[in-house]
Amino acid sequence: MTVTALAPLHDLPELVVDDLLFKVAPPRERKTIEIVVERDASLVLKAPPAVTVERATRFVNAKRQWVYRKLVEKDALSGPPIVKRFVEGEGFAYLGRSYRLTLKSEGTGVRLDRGRFHLPADQVDQGAKAMRRWYTEVGTQWLRKRIRPWAARLGEESVTVEVRDLGFRWGSARPHPGPQRINIHWATLQLPPSLIDYVLVHELAHLRELNHTPEFWSIVDRLMPNYHTQKTTLAAVGKNIWLGEGR
């Protein structure tokens with residue numbers, strides 16, 4: 001069903017704005033729109049009866065950073081900002097290992113070769129952008145292979161992985177008709193493979209259960225019985241993940 005921007009918000013059971021999914025609460029007599037982040041990290045949108053989809057979407061976009069910060073407190077990326085300098089010898093992680101940066105006199109873009117990252121010296125001012133592009137391109141290929149056995153355990157023949165910048169979230173997913181897709185933050189590629197597996201399993205479980213209900217965690221447990229260890233480790237390691245800041 002196609003929903004127009006001017007349609008009443010309360011005609012929908014839920015509202016999707018990019019990677020954020022909101023349950024639309026029943027209409028109540030109120031004057032303002034409110035976002036509630038539940039204890040299980042699910043999102044609820046409360047709004048006056050006459051609010052349109054367009055107005056609600058604009059409100060969500062204006063509050064996006066606030067929502068991300070609240071999700072940080074639940075099950076997401078956390079910790080103080082990590083700043084990287086694009087100078088000789090700076091370390092950048094890939095699949096849990098740190099590689100030093102070498103500045104080259106020629107070439108284009110970032111390369112990982114012989115145990116070092118290589119970046120043309122004349123691209124240092126665009127270093128953060130170039131590094132994010134590298135994680136996205138290389139990570140997409142790696143993750144699409146890595147997810148196959150986990151998807152098979154869930155009973156999905158094929159799940160596409162899209163690597164994106166997801167703000168303060170490791171990943172996002174919601175079921176779609178036909179082939180399924182999950183989104184993974186490019187910064188996830190800095191984690192060890194065992195923790196990346198947990199992120200993949202977590203998002204795959206969302207293809208069966210959108211919220212962090214007991215049923216959701218039952219699915220995670222079935223796919224990865226040791227997930228408690230990985231979840232705890234991810235919370236600790238995630239505080240030291242670089243999210244793209246640089247100078």
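The values are calculated or read from the model by the stated rules, or taken from the named source; none is laboratory data. Note that the structure is a prediction, hence the values are computed from the model and not measured. Cβ sites come from the backbone with ideal geometry, for glycine too, and all protein chains shown count toward neighbours.
Name the residue that is surrounded by the most Cβ atoms within 10 Å (Cβ to Cβ), counting only residues in the stretch 125-145 that are under 16 Å from Leu101 (Cα atoms) and out of contact with any strand residue (DSSP E or B) (no Cβ under 7 Å at 6 or more places or on another chain).
Restricting attention to the stretch 125-145, the residues satisfying the condition of being under 16 Å from Leu101 (Cα atoms) are 125-135.
Narrowing the set further to residues that are out of contact with any strand residue (DSSP E or B) (no Cβ under 7 Å at 6 or more places or on another chain) leaves 125-126, 129, 132-135.
Details: Asp125: 11, Gln126: 15, Lys129: 13, Arg132: 19, Arg133: 14, Trp134: 20, Tyr135: 24.
Within the stretch 125-145, the match that is surrounded by the most Cβ atoms within 10 Å (Cβ to Cβ) is Tyr135.
Among the residues of the stretch 197-219, those that are polar (S, T, N, Q) and either at pLDDT 95 or above or out of contact with any Asp or Glu (no Cβ under 6 Å at 6 or more places or on another chain) (or both) comprise Thr213, Ser218. Taking the criterion of being in contact with a helix residue (DSSP H, G or I) (Cβ under 7 Å, 6 or more places away or on another chain), outside any helix (DSSP H, G or I) and among the acidic types (Asp, Glu), would at least one residue in the stretch 199-221 satisfy it? There is at least one residue in the stretch 199-221 that is in contact with a helix residue (DSSP H, G or I) (Cβ under 7 Å, 6 or more places away or on another chain), outside any helix (DSSP H, G or I) and among the acidic types (Asp, Glu).
Scoring His118 on the criteria (1) surrounded by 15 or more Cβ atoms within 10 Å (Cβ to Cβ); (2) assigned by TED's automatic domain parsing to the domain that holds Glu209 leaves a single failure, condition (2). Scanning the stretch 189-217 for residues that are surrounded by fewer than 16 Cβ atoms within 10 Å (Cβ to Cβ) and acidic (Asp, Glu) yields one hit, Glu215.
Got a sec? Which of Val220, Val163 is more than 28 Å from Glu88 (Cα to Cα) and either of a type outside the set (A, V, I, L, M) or buried (at least 16 other Cβ atoms within 10 Å of the Cβ) (or both)? Break it down stepwise before answering.
Details: Val163 fails: more than 28 Å from Glu88 (Cα to Cα).
Checking each option against the conditions leaves just Val220.
With respect to the conditions (1) small (Gly, Ala, Ser); (2) touching a helix residue (DSSP H, G or I) at 6+ places or on another chain (Cβ under 9 Å); (3) free of Cβ contacts under 8 Å to residues at least 60 places away in the same chain; (4) under 26 Å from Trp66 (Cβ atoms), Gly167 falls short on a single one, namely (3).
Is it fair to say Gly89 is surrounded by fewer than 16 Cβ atoms within 10 Å (Cβ to Cβ) and touching a Phe, Trp or Tyr at 6+ places or on another chain (Cβ under 8 Å)? Step through it out loud before you land on a result.
Numbers: surrounded by fewer than 16 Cβ atoms within 10 Å (Cβ to Cβ): yes; touching a Phe, Trp or Tyr at 6+ places or on another chain (Cβ under 8 Å): no.
Considered against the rule, which asks whether it is surrounded by fewer than 16 Cβ atoms within 10 Å (Cβ to Cβ) and touching a Phe, Trp or Tyr at 6+ places or on another chain (Cβ under 8 Å), Gly89 comes out as no.
Among the residues of the stretch 128-164, write down those that are without any contact (Cβ under 8 Å) to a residue 12 or more places away in the chain and among the basic types (Lys, Arg). Listed by number, the residues that qualify are Lys129, Lys145, Arg148. The set of residues from the stretch 224-237 being part of a helix (DSSP H, G or I) and buried (at least 20 other Cβ atoms within 10 Å of the Cβ) comprises Gln230, Leu234. Just one of the listed residues (Leu15, Leu21) is within 26 Å of Asn183 (Cβ to Cβ), at pLDDT 90 or above, within 27 Å of the chain's Cα centre (by Cα) and not assigned by TED's automatic domain parsing to the domain that holds Val161, namely Leu15.
Determine if the stretch 28-46 includes at least one residue that is in contact with a Ser or Thr (Cβ under 8 Å, 6 or more places away or on another chain), outside the structural domain of Asn211 (by TED's automatic domain parsing), among the β-branched types (Val, Ile, Thr) and outside any loop (DSSP other than H, G, I, E, B). The answer is no; no qualifying residue exists. Residues of the stretch 80-139 that are aromatic (Phe, Trp, Tyr), within 15 Å of Glu245 (Cβ to Cβ) and part of a strand (DSSP E or B): Phe92 alone.
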